[in-house]
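*Asks:* The structure that follows is given in the form of structure tokens.
The values are calculated or read from the model by the stated rules, or taken from the named source; none is laboratory data. What you see is a predicted model, and the numbers here were worked out from it, not measured in a lab. All Cβ positions, even for glycine, are placed from backbone atoms using ideal geometry, and neighbour counts span all protein chains on display.
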């Protein structure tokens, strides 16, 4: 599996495009707000000759869904996410105005609900959805066992964890589920977070101050 990371800048957020030798692909968290960011994502997908099969959201906080409408318009895909986060779709325009800007277009309804243990397949590649609530009630991590990596959204970062003070968040739940759902993965598993640089499960178990 190949991975391309985009960092979009309204709220600096990582968007990932994943694909394999079949050229089938998925997009995870298209946080592209500005037009040039949207076009950069589109240009890359077209230049690589990729066929998008899934639009995946780790969770539905506004910075992770800015580009959902654009991806739907350009590639005909509806987002796939956990139903427990669906209420954030209605909150996104109001949240945007609180930060002093308008949400870019209408929010796009979830096209398919994903649950803990569900498989997302494209080409020869399989991702497993792992439910890790606490940052948001519906937070999902996407795990590729074959490629030894996880896409953790805002659950786990290099040296930190996601905030738990927003609606539906819970600090104890987040800590518990990181330990029981993510720290049981092999230590060499690469963690691609929703913000910031990659890390590994082993590094976070050993050095993350929230678990020491």
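*Asks:* Residue 187: surrounded by fewer than 22 Cβ atoms within 10 Å (Cβ to Cβ), in contact with a helix residue (DSSP H, G or I) (Cβ under 6 Å, 6 or more places away or on another chain) and not in a strand (DSSP E or B), yes or no?
*Replies:* Values: surrounded by fewer than 22 Cβ atoms within 10 Å (Cβ to Cβ): yes; in contact with a helix residue (DSSP H, G or I) (Cβ under 6 Å, 6 or more places away or on another chain): yes; not in a strand (DSSP E or B): yes.
In short, yes.
*Asks:* Related question: Return yes or no: is residue 212 modelled with pLDDT under 95 and either in contact with a helix residue (DSSP H, G or I) (Cβ under 9 Å, 6 or more places away or on another chain) or surrounded by 15 or more Cβ atoms within 10 Å (Cβ to Cβ) (or both)? Let's see the steps before the verdict.
*Replies:* Working: modelled with pLDDT under 95: yes; either in contact with a helix residue (DSSP H, G or I) (Cβ under 9 Å, 6 or more places away or on another chain) or surrounded by 15 or more Cβ atoms within 10 Å (Cβ to Cβ) (or both): yes.
Against the criterion (modelled with pLDDT under 95 and either in contact with a helix residue (DSSP H, G or I) (Cβ under 9 Å, 6 or more places away or on another chain) or surrounded by 15 or more Cβ atoms within 10 Å (Cβ to Cβ) (or both)), residue 212 qualifies.
*Asks:* Follow-up. May I ask you to list the residues in region 154-163 that are on the phi < 0 side of the Ramachandran plot and assigned to a loop (DSSP other than H, G, I, E, B)?
*Replies:* Quick first cut of region 154-163, residues on the phi < 0 side of the Ramachandran plot only: 154-158, 160-163.
Within region 154-163, 154, 155, 158, 162, 163 meet the criteria.
*Asks:* Looking at region 1-22 only, could you name the residues that are assigned to a strand (DSSP E or B), crowded, with 16+ Cβ neighbours inside 10 Å and out of contact with any helix residue (DSSP H, G or I) (no Cβ under 8 Å at 6 or more places or on another chain)? Don't jump to the end; show me each part of the working.
*Replies:* Of the residues in region 1-22, the ones assigned to a strand (DSSP E or B) are 2-8, 13-19.
Retained after the next criterion (residues that are crowded, with 16+ Cβ neighbours inside 10 Å): 3-4, 6, 8, 13-19.
Residues satisfying the conditions are 3, 14, 16, 18, 19.
*Asks:* While we're on this one: Among (1) out of contact with any helix residue (DSSP H, G or I) (no Cβ under 6 Å at 6 or more places or on another chain); (2) surrounded by 20 or more Cβ atoms within 10 Å (Cβ to Cβ); (3) within 26 Å of residue 146 (Cβ to Cβ); (4) touching a residue at least 40 places away in the same chain (Cβ under 8 Å), where does residue 29 come up short?
*Replies:* Against the list (1) out of contact with any helix residue (DSSP H, G or I) (no Cβ under 6 Å at 6 or more places or on another chain); (2) surrounded by 20 or more Cβ atoms within 10 Å (Cβ to Cβ); (3) within 26 Å of residue 146 (Cβ to Cβ); (4) touching a residue at least 40 places away in the same chain (Cβ under 8 Å), residue 29 comes up short only on (1).
*Asks:* I'd like the full set of residues that are over 14 Å from residue 68 (Cβ atoms) and part of a strand (DSSP E or B), limited to region 23-44.
*Replies:* The answer is 24, 25.
*Asks:* Does residue 168 satisfy the condition of being closer than 25 Å to residue 17 by Cα and either in contact with a helix residue (DSSP H, G or I) (Cβ under 9 Å, 6 or more places away or on another chain) or surrounded by fewer than 19 Cβ atoms within 10 Å (Cβ to Cβ) (or both)?
*Replies:* Details: closer than 25 Å to residue 17 by Cα: no; either in contact with a helix residue (DSSP H, G or I) (Cβ under 9 Å, 6 or more places away or on another chain) or surrounded by fewer than 19 Cβ atoms within 10 Å (Cβ to Cβ) (or both): yes.
No, not satisfied.
*Asks:* In addition: For region 49-153, which strands (runs of 3 or more DSSP E) that fit wholly inside it have 2 or more residues that are at pLDDT below 95, surrounded by fewer than 20 Cβ atoms within 10 Å (Cβ to Cβ) and out of contact with any strand residue (DSSP E or B) (no Cβ under 7 Å at 6 or more places or on another chain)?
*Replies:* On the way: elements: 51-56, 79-81, 119-122, 125-131, 140-144, 149-153.
Those strands (runs of 3 or more DSSP E) do not exist here; none qualify.
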